[in-house]
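Engineer: I have a structure I would like to understand better, so I am pasting it below and will then ask my questions one at a time.
Nothing in this text is a laboratory measurement; each read-out follows from the coordinates by a stated rule. Here the structure is a predicted model, which means the values were calculated and not measured. We place every Cβ from the backbone using ideal geometry, glycine too, and count neighbours over all the protein chains shown.
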């Protein structure tokens with residue numbers, strides 16, 4: 001694992017093929033640790049109580065600046081060995097154990113036992129993979145690799161035999177360099193490819209993860225092709241995972257070299273890291289297919305750095321992208337909630353669909369993503385992803401995701417495990433950082449299911465403690481039949497008061513009709529600033545008497561009005577803060593990974609006492625309540641990264657980008673940025689990676705001020 005902040009001597013020399021300007025260190029392969037219950041179909045609308053037919057807008061196309069041109073499909077054929085015809089599923093210990101002593105024979109056997117006992121094997125998980133630190137630091141006198149006798153006293157073959165006895169397969173790790181990525185420097189395979197591959201085969205290894213550290217500057221394609229040939233020469237079927245971090249664009253040349261290839265740097269157990277990797281991998285859909293997969297790195301589900309909602313998004317999106325599903329948490333310590341996510345067979349079926357298509361972006365406007373994946377049976381898996389910090393209405397249509405015209409469609413919610421029908425709209429109010437994942441199909445079976453309803457809120461609720469806030473909810477029938485005996489309820493945290501100001505039910509909501517309800521919501525006096533959960537529920541029946549409901553978790557923000565005059569943003573409370581690595585820092589640079597480890601903000605040798613230190617990809621949101629007019633800052637890449645770092649700064653006002661810098665490098669002087677935010681309820685400060693990954697992207701909002 002290479003750390004995303006500092007270059008290390010472990011690399012020795014950058015690869016010679018298509019080498020990027022910035023390379024992260026060998027430590028990057030080493031990780032530093034740090035229910036979406038959204039109803040299927042929910043909407044946002046504003047109006048007094050009415051019964052009306054909603055207009056259905058055409059879905060927005062993905063903006064070019066967000067995704068760029070779609071890449072061409074690879075010309076090289078996939079390996080014709082029948083391996084990895086669907087994305088590999090299994091376990092890798094690194095995210096949860098690193099090189100700690102707990103990584104040993106007992107742990108590996110325990111994971112194999114849990115695969116069987118907890119139903120993961122039955123769900124499709126197959127590989128139990130060892131990462132770095134399994135070997136001794138030196139080869140033996142014959143140049144052979146030696147398993148660490150303290151960790152693996154019976155050797156690797158005994159472990160493989162045990163894993164095989166459970167009907168599972170064993171994976172192992174090494175590097176395409178002279179040493180592996182761990183700082184202790186275990187033996188790498190460069191120059192020993194045929195000997196090491198023979199050892200792996202003799203031990204009964206079924207999967208090889210081949211890293212990129214200490215590569216001595218040898219051409220990447222050459223190094224990885226040599227190991228391909230060495231594995232083939234053993235005669236044993238071994239899945240081959242190319243882990244060169246996407247630095248030499250393996251998707252363009254590795255389809256007939258390996259079965260999967262890493263497309264990005266290493267994932268960390270936080271929302272910003274996962275989202276950044278997701279966006280990079282989404283652009284590479286044309287290169288994935290049976291026997292050759294894009295690999296956005298292992299799963300962090302259950303490691304504790306993200307919320308339950310974020311972990312469901314993580315698992316949903318990896319499945320829609322047909323990514324390898326390699327569990328990275330220690331299952332011996334996992335909660336039932338973690339097993340529930342990892343064992344969701346309906347979501348896994350999306351990942352493992354034999355057609356082998358990776359999902360593609362339909363739209364992404366304002367952080368509201370629609371990603372659709374073609375399935376072998378003609379259906380579409382559709383992910384509605386909300387990357388923002390507040391609930392958002394996200395919608396598309398059956399036609400937009402590639403389904404044929406039909407009177408109606410069956411719509412299966414893969415997390416709530418229920419089926420509804422829709423006349424063609426696919427939409428939901430998706431909670432912050434949440435994903436609604438559905439499978440949509442045409443055909444006459446739709447009539448057996450209740451109509452889908454779209455339930456939502458008019459806008460993100462901002463509440464001042466002790467003062468009633470008025471909210472409007474809406475329920476829209478998206479099906480071909482009426483929703484009868486409809487009732488709507490809204491509830492808040494204990495101590496909050498919620499009161500309906502207009503009708504919250506109707507005997508029959510016609511197809512296409514909308515019921516709007518106004519509510520008074522009051523947070524108790526003294527409620528601290530922060531985010532609080534609201535729950536919106538619509539219960540109804542179909543004309544045939546089938547019961548259905550739509551429950552949407554929403555977020556209410558308790559806020560204080562921004563102060564009058566000009567204030568430093570580092571002194572104000574934010575609504576949310578997402579950072580690519582470590583926390584957002586007030587009045588210091590980003591530093592490394594821990595809170596408070598930054599340095600004085602410094603741009604081009606100029607030191608600033610005030611500001612925000614962030615790491616791409618980053619977004620910090622402030623409540624401005626329509627009372628503010630301007631944001632100003634000096635922006636650039638902090639001097640603490642030397643000559644490295646490439647970022648771009650943006651200011652958004654209520655979903656509209658009002659200022660941007662373009663790409664900035666460390667070599668450039670600080671740029672003064674001014675943004676007109678007049679009338680905005682929310683202002684968002686965004687830093688992107690400049691299009692070349694997040695390595696060393698320490699960005700400063702120096703002297704950042706808000707005028708109100």
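Engineer: On a C-alpha basis, how far is the centre of region 540-569 from the centre of region 126-151 in Å? Whole number, if you could?
Structural biologist: Their Cα centres are 52 Å away from one another.
Engineer: Based on other C-beta atoms within 10 Å, arrange 142, 266 from fewest to most.
Structural biologist: The order, fewest Cβ neighbours first, is 142, 266.
Engineer: To the nearest Å, what is the center-to-center distance of region 596-632 and region 82-98, using C-alpha atoms only?
Structural biologist: Between the Cα centres of region 596-632 and region 82-98 lies a distance of 39 Å.
Engineer: Grab the Cα-Cα distance for residue 164 and residue 340, subtract it from 0.36 nm times how many residues apart they are, and report the gain in nm with one decimal.
Structural biologist: Gain on stretching residue 164 to residue 340: 60.8 nm.
Engineer: Right, next: Per DSSP H run of n ≥ 4, the term is -39500 (n - 2.57); total these for the chain, divide by its residue number, and report the mean residue ellipticity at 222 nm rounded to 500 deg cm²/dmol.
Structural biologist: On the way: 11 runs with 101 residues, N = 708.
Counting only the DSSP helices, I get -4000 deg cm²/dmol.
Engineer: Could you tell me the distance between the Cα centroids of region 419-463 and region 655-676, to the nearest Å?
Structural biologist: A separation of 38 Å, based on Cα centres.
Engineer: Using the basic label-point model (7 angstrom from Cα toward the beta carbon), what is the residue 459 to residue 376 distance in nanometres?
Structural biologist: The answer from the label model is 4.9 nm.
Engineer: Ok, one more. By how many nm would the segment from residue 333 to residue 676 grow when fully extended, if each residue of separation counts as 0.36 nm and the alpha-carbon distance is taken off? Mind dumping the intermediate values first?
Structural biologist: Values: separation 343, 0.36 × 343 = 123.48 nm, distance 4.98 nm.
The span from residue 333 to residue 676 would gain 118.5 nm if fully extended.
Engineer: Also: What FRET efficiency would be calculated for the residue pair residue 399, residue 531, taking the C-beta separation as r and a Förster radius of 45 Å, to the nearest 0.05? Mind showing how you got there, number by number?
Structural biologist: Values: r = 36 Å, r/R0 = 0.80.
It comes out at approximately 0.80.
Engineer: Please give, to one decimal in nm, the separation of the simple spin-label points placed at residue 607 and residue 85, each 7 Å out from Cα toward the Cβ.
Structural biologist: 6.5
Engineer: Okay, which of region 172-201 sit inside 14 Å, backbone N to the point 7 Å along the Cα-Cβ direction of residue 229?
Structural biologist: Within reach of a label on residue 229, which here means backbone N under 14 Å from a point 7 Å along Cα→Cβ, region 172-201 contributes 191-195.
Engineer: Given a Förster radius of 56 Å and the C-beta distance between residue 665 and residue 148 as r, what FRET efficiency does 1/(1 + (r/R0)^6) yield to the nearest 0.05?
Structural biologist: On the way: r = 43 Å, r/R0 = 0.77.
Here the calculated transfer efficiency is 0.85.
Engineer: Turning to a different aspect of this structure: State, to one decimal in nm, how far the label point of residue 236 lies from the label point of residue 418, with both points 7 Å from Cα in the Cβ direction.
Structural biologist: 5.0
Engineer: While we're on this one: Going by C-beta contacts inside 10 Å, put 581, 623 in order with the fewest on the left. Don't jump to the answer; show the numbers that get you there.
Structural biologist: Details: 581 27, 623 24.
If I rank by nearby Cβ atoms, fewest first, I get 623, 581.
Engineer: List 226, 473 from most exposed to least, where exposure is judged by having the fewest other Cβ atoms within 10 Å.
Structural biologist: On the way: 226 19, 473 30.
Starting with the residue having the fewest Cβ neighbours, the order is 226, 473.
Engineer: To the nearest 0.05, what FRET efficiency results for residue 141 and residue 116 with a Förster distance of 60 Å applied to their C-beta separation?
Structural biologist: After rounding, the FRET efficiency stands at 0.90.
Engineer: Once semi-axes √(5λ) of the Cα gyration tensor in Å is worked out from the coordinates, which option in (1) 50, 34, 22; (2) 44, 33, 21; (3) 41, 34, 25 does it equal?
Structural biologist: Only one option fits the structure, namely (2).
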